[in-house]
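The values are calculated or read from the model by the stated rules, or taken from the named source; none is laboratory data. The shown structure was predicted, so the numbers you read here are calculated from the model rather than taken from an experiment. Cβ: placed from backbone, ideal geometry, glycine included. Neighbour counts: every protein chain shown.
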Amino acid sequence: MKVEGSRQLAAPREVVYRCLMDPLSLAQALPGCEKLDPQPDGSYQATLKIGIASIKGTYQGRVQILDALPPESFRMKIEGKGAGGFLKGEGTISLTVQNGGTLISYSGEVQIGGMIASVGQRMMQAAAQQMVQQFFDAFSHQLPAVQPDAVNSGGLPPST
Amino acid sequence: MIPEPFEYHSPQSLEEALRLVTEFGEEGKMMAGGHSLLPMMKLRLASPRHVIDLGRLSELRYIRESDGWIEIGALTTHFQIESSSLLREKCPLLPETAREIGDAQVRNLGTLGGSLAHADPAADWPAAILALDAEIRANSAGGERWIAAQDFFVGLMTTALAPGEILTAVRLPPLPRRAGDTYLKLRQPASGFAVVGVGVRLALNEAAHIERVAIGVTGIGPKAYRAAAVERELLGKPPTARRLAEAAARAADGVQTNSDLFASAEYRKHLASVYVRRALELALERANP
Amino acid sequence: MSSKLLGERIKRKEDPRLIQGRSHYVDDIQLCGMLYLAFVRSPHAHAEIKAIHSEAAQKMPGVLAVYTGADLEGRLGLIPCAAGMEGLKVPPHPCLALRRVRYVGEPVAVVVASGRYQAVDAAAQVEVDYEPLPAITDLDKAVSSDSPVIHESLGDNIAFVAKLEGGDWKAVESDASLKVIRQRLVNQRLAPLSMETRGVVASYSPGEDTLTVWSSTQIPHLLKTQLAVMTGMDEARVRVIAPEVGGAFGSKLNVYAEEGVACFVSRQFGKPVKWIESRRENLMATIHGRDQIDDLEIYFRPDGKVMGLKCHILANLGAYHQLLTPAIPTLTALMILGCYNIPAVFVETKGVFTNTMSTDAYRGAGRPEATYIIERVMDMVARELNLDPVEVRLKNFPPPGKDIVLATGVSYDTANYQKTLKKVLTLSGYKKLRREQARLRKKGKYLGIGLSTYVEICAMGPSSRMPAGGWESGTVRVEPTGKVTVLSGTSPHGQGEETSFAQIVAEELGVPYDDVTVYHGDTNQVPMGIGTFGSRTTAVGGTAIYHAAQRIKKKMARLAAVKLGAKPSELVFRDGKIETEDGSKSVKFGEVVGEAYFAKQLPPGLAPGLVENYVFEPPNYTYPFGAHVAVVEIDNETGEVNLRNYFAVDDCGRILNPMLVDGQIHGGLAQGIGQALWEEHVYDENGQLLTGTLMDCAAPRAHQFCWFETANTETRTPVNPLGVKGVGEAGTIGSTPAIVNAVMDALRPLGVRHIDMPLKPEKIWQVLRGGSPQVV
């Protein structure tokens, strides 16, 4: 499943990038994040309780930041597993200066396996999109001293 | 297909139910007919610690008319709505919608309130409720409030209900003079859910122009929505076939469109415009005396 | 034989208990001290198992043990494959995965607990570390030389290559007047979806050293043999019982991992063990059906006569062989010419391993694929030549007759394809439909009329050509009170043979229908047997019973003859009496039974009692046939298909009970039409099963269908004395191409030759708006 879109944030690019690299602000923005421990190799061990409404599952996993090019872009690799199955994702996040703020564009491929894959296909796209949205909503609140979400969001519908 | 262990509660009054809902907070889950919740629990996708079964609250099972509103209790089953003579006369859209839901077993146990609170993106009731400009009553320990249908659906399976609130009733205006309504749907062959479902209520004025029109659409996006762009094109205008078609082409404007094994986003957009047009045509036919 | 019972619409003996919920399925069996199993299954399509952590699960309440593949290695045999074709690669198939998993849902470990809920709760606590490997789900990629290999020891993913060739291909290929169509057809994967899922209770008694197994199976006797081999027990100490079985459609013609594991665990603990499959498990770990890609080359004359058919079949076998997995696609090759006299044929079948659940017999089993191919061929030829599909079919039918041998080498018992076609054309008002279609086309409306004139291969079958014998056993025992017990080695599970077998015996013995009771499914009660599948139960099993009844009659006639002073050959059995044809000499049936058991005046050489067994070995298969017409309307804005009418004329030989035949045809049509329009069992490119619940896996429902107009012709087979051919799969086999042909016929003005199944509205919409149909 492809997950892609973009989001305009009202903060300078360097600030946005720094926040994205900050485990504390990430942990507060990631939906259902119960743990985000930086590891010696630069990755994070994460415990996420994610889902939509009452459909929630706890996933243990690893988040890795690769090919960091501050403040322009980085790649992100996520792996997790839980009772509902497993997920693997990899994508590129790039930041461009736009309209006095920052446009974050994300594009990635998520592979979902196990229970969730076999019972949830009709809602998967919408759920992924909603979680990304939740993340950015929360993340924009983490940005210091700027109006959250001052500029309209430009999220694109994902495509398969 | 066996749920994780949970505690079962069967409150005998709304008051008791509200107390339990507040007490258990995030760990509690309300159950009405159980037709959405139980399958999710059996798959262990949902694992609430406490299930609060509202099924005994017979006070929430009614269809009545008062003060110019039709009011329906949250625990009224799909079948009770399908077979209500009051609704058939004063709000035919509702029995028409009920008839399209699932199968006989689902209609006998599933409830209006349960379905609305669950807010499945392909459920039928949300489109009907939006088309009727209905209001939804939420009760909490602090009292009650009415939420406009337009404000009720917030996102994928997410509603405007706050923690501690119980959806208790839906009220809606009966069909006015020179008005018609309908619900049309394309069923997903496996689930019976709506690939697209469209509820329309349309009223004409003395000049036979469109005085009011409300269009609820389900199955297309992460939540049911009012096709506002279509409505705007039609309000105050004479309902010619061409105008209906042109307006209906905007049925999925601005909507983040679902895509699944059965139908791509592009096809869904197309279906939305076809079904909106057909529902408008049928509602118009019924509005014309 | 004066017929009072045979041919009548007699209500089913089975129904009162089934309709009232008073029968017993595997899950209704409760034994003292029963243990329960829950399986831990792989969420990966292809992965190495690095470690299995079961410590937490072992400490859960009620848990007695957790076993993994390593625990079972050398202690429980492998899952058997009975198909024995030349050069077949058979990978080891352990009951619990060893070191590697190869499909989503493969059992990796089993939890044994004293409660069912406890077992499931503990299974959720078993942690398995996997190292994912690339999954192979695409058939074209799986056979390419650079594909990863699923079973490394086998070298590649091709389990077998089988060729079938007949006729003079040189003549065909050098004939420049012939036209050629090349087309790929995809026959999608389906889930059999019986109403009752699988289930097993295994109960080992250490004192007696006996193992009793209740399983929801179609083949109790074969299962008994296999479980004895797998457990290493003396077969005489193993008993298998198929209690009420809530449908199977071929999916329970198998030996499954869970059956083996239940027996193993019961022997470990000396206690009864139960496992009941959930619907989710049923969708991912019970065999699937179909899943073939067929690449066709059709050579035909400008007058519509087809001269040659080539087909390259890629058959998706799944990750392992189940009981008959590789044999199924070979039936496609065998029946690929259908009921047409096509002089040259070439079929190459490649059986391919992929990271998916095994395919195996699903209602029709290889023949629906064949019928789909050949019936689409006829319509594509008709379209290409702008001929009526009826005309093309008539041009290619062999003349009516017996023992018709086609280029495939298959010898059809009896055939009169013209007769069923003519009847269905009349029944459907075909000419009128064509006129209506022409009128509607002028208005821009799409009405489609689809034909299918199928032939199938039934009554399986001669032992020389069956993997595990094709005979069947029948026993008739007249009890001392005059009531009659019938034992059959078949194992009906919804078909209604308790009724038709009773009809046969009651008619033969001249006793009341209610006096006959039929038993099946218990290996300690029925001396031997094969089972119920391949539309064989009445044609083979019924025939065995018929012969056993003849033996009873012969003996009773000898006894009666002594009493009456007549010749045995002069006597008839009717109305509870044995008498001369004119009725002048007569003795009551019960009186003769008394003679047989009290044995006071037995003629010399005649043993006491009235028990006769007969094992029938069929000399050939039977070849039922039929002609169907489907009428569909297409919504020209959305592509939705509305099935307006369905007409089916089926010839299953002699009809013993028209109601049972109707039931089989109706159910079969629903499944066949379901494949054409709605059903598909879908894995994504990573081998994840996307249709894992009934929310996405579309089982056909009654409300989706129009009324079926059915009729029959009766062309009796000479293969058995009853003249019956078999009808269990006919509806499924005949209907799928009728629907697809109808939809393609409707879309003919749009210039599209083929759309793959299921004919979802979006695919048709793509065509309607001038695009390619294959994007969905």
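The residues on offer are C:SER464, C:SER473, and the sole one that is under 24 Å from the mean Cα position of the chain (by Cα), within 30 Å of C:GLY84 (Cα to Cα), of a type in the set (S, T, N, Q) and surrounded by fewer than 18 Cβ atoms within 10 Å (Cβ to Cβ) is C:SER464. Output yes when any residue across the stretch C:679-687 is within 14 Å of chain A (Cβ to nearest Cβ) and outside any loop (DSSP other than H, G, I, E, B), and no when none is. Yes, that holds for at least one residue. Here C:VAL767 meets the list (1) surrounded by 20 or more Cβ atoms within 10 Å (Cβ to Cβ); (2) of a type in the set (A, V, I, L, M); (3) part of a loop (DSSP other than H, G, I, E, B) almost entirely, failing just condition (3). Every listed requirement among (1) within 14 Å of chain B (Cβ to nearest Cβ); (2) under 21 Å from A:ARG13 (Cα atoms) is met by A:ASP67 save one, (1). Scanning the stretch B:252-273 for residues that are away from chain A (no Cβ under 14 Å) and without any contact (Cβ under 8 Å) to a residue 40 or more places away in the chain, we see that the one that is farthest from C:ILE764 (Cα to Cα) is B:SER273.
What number of residues within the stretch B:1-46 satisfy the criterion of being in contact (Cβ under 8 Å) with a residue 60 or more places away in the chain, away from chain C (no Cβ under 14 Å) and not in a helix (DSSP H, G or I)?
As a first pass, look at the stretch B:1-46 and keep what is in contact (Cβ under 8 Å) with a residue 60 or more places away in the chain: B:14, B:17-19, B:21-22, B:25-26, B:30-37.
After this cut, where a residue has to be away from chain C (no Cβ under 14 Å) as well, the list is B:14, B:17-19, B:21-22, B:25-26, B:30-34, B:37.
Now narrow it down to the ones that are not in a helix (DSSP H, G or I): B:30-34.
Within the stretch B:1-46, residues that are in contact (Cβ under 8 Å) with a residue 60 or more places away in the chain, away from chain C (no Cβ under 14 Å) and not in a helix (DSSP H, G or I) number 5.
The test for being surrounded by 13 or more Cβ atoms within 10 Å (Cβ to Cβ), farther than 30 Å from C:SER463 by Cβ and outside the structural domain of C:VAL120 (by TED's automatic domain parsing) holds for C:LEU5. For the stretch A:74-89, the candidate set comprises residues that are of a type outside the set (A, V, I, L, M, F, W, C) and under 12 Å from A:TYR44 (Cα atoms); within that set, the residue that is nearest to the other protein chains (Cβ to nearest Cβ) is A:GLU79.
The condition (being in contact with a Gly (Cβ under 8 Å, 6 or more places away or on another chain) and surrounded by fewer than 22 Cβ atoms within 10 Å (Cβ to Cβ)) is satisfied by just one residue among B:GLY192, B:GLY219: B:GLY192. Only residues that are surrounded by fewer than 24 Cβ atoms within 10 Å (Cβ to Cβ) and over 28 Å from B:LEU45 (Cα atoms) were counted in the stretch B:118-136, giving 2. Is it fair to say C:ILE79 is in a loop (DSSP other than H, G, I, E, B), assigned by TED's automatic domain parsing to the domain that holds C:SER358 and surrounded by 20 or more Cβ atoms within 10 Å (Cβ to Cβ)? The answer is yes for C:ILE79. Specify which of the listed residues (B:ALA272, B:ALA194, B:ALA249) is out of contact with any Phe, Trp or Tyr (no Cβ under 8 Å at 6 or more places or on another chain), among the hydrophobic types (A, V, I, L, M, F, W, C) and under 23 Å from C:THR693 (Cβ atoms). The unique qualifying residue is B:ALA194. Whenever a residue of the stretch A:32-60 is more than 14 Å from chain B (Cβ to nearest Cβ) and under 25 Å from B:ALA119 (Cα atoms), its partners that are in a strand (DSSP E or B) and of a type in the set (A, V, I, L, M), lying with C-beta atoms within less than 7 angstrom and at least six residues away or across chains, give the pairs A:CYS33/A:ALA46; A:CYS33/A:LEU48. When the criteria are applied in full, C:THR532 fails the requirement of being hydroxyl-bearing (Ser, Thr, Tyr), part of a helix (DSSP H, G or I) and modelled with pLDDT of 95 or more.
If a residue must be of a type in the set (A, V, I, L, M), within 15 Å of the chain's Cα centre (by Cα) and assigned to a helix (DSSP H, G or I), how many such residues does the stretch C:359-406 contain? Even if it seems obvious, please write down each step before you answer.
Step one: of the stretch C:359-406, the residues of a type in the set (A, V, I, L, M) are C:361, C:365, C:370, C:373-374, C:377-378, C:380-382, C:385, C:387, C:390, C:392, C:394, C:404-406.
Restricting the remaining residues to those that are within 15 Å of the chain's Cα centre (by Cα) gives C:361, C:365, C:370.
Filter once more, so that each one left must be assigned to a helix (DSSP H, G or I): C:370.
So the count comes out to 1.
Does C:ARG558 satisfy the criteria of being among the charged types (D, E, K, R) and under 30 Å from C:LYS252 (Cα atoms)? Spell out the reasoning first.
Values: among the charged types (D, E, K, R): yes; under 30 Å from C:LYS252 (Cα atoms): no.
Here the answer is no, as C:ARG558 does not meet what is asked.
Would the stretch C:108-127 turn up any residue that is part of a strand (DSSP E or B) and within 14 Å of chain B (Cβ to nearest Cβ)? Yes, some residue in the stretch C:108-127 is part of a strand (DSSP E or B) and within 14 Å of chain B (Cβ to nearest Cβ). Candidates A:ARG18, A:ARG7: the one that is buried (at least 18 other Cβ atoms within 10 Å of the Cβ), of a type in the set (Lys, Arg) and either in contact (Cβ under 8 Å) with a residue 60 or more places away in the chain or assigned to a helix (DSSP H, G or I) (or both) is A:ARG7.
The set of residues from the stretch C:557-586 being part of a helix (DSSP H, G or I) and either in contact with an Asp or Glu (Cβ under 9 Å, 6 or more places away or on another chain) or under 15 Å from C:VAL511 (Cα atoms) (or both) comprises C:ALA557, C:LEU559, C:ALA560, C:ALA561, C:VAL562, C:LYS563, C:LEU564, C:GLU570.
Do we find a residue being more than 30 Å from C:THR538 (Cβ to Cβ) and not in a loop (DSSP other than H, G, I, E, B) anywhere in the stretch C:706-724? Steps first, please.
Start the filter on the stretch C:706-724 by keeping residues that are more than 30 Å from C:THR538 (Cβ to Cβ), which leaves none.
No; the residues of the stretch C:706-724 include none that is more than 30 Å from C:THR538 (Cβ to Cβ) and not in a loop (DSSP other than H, G, I, E, B).
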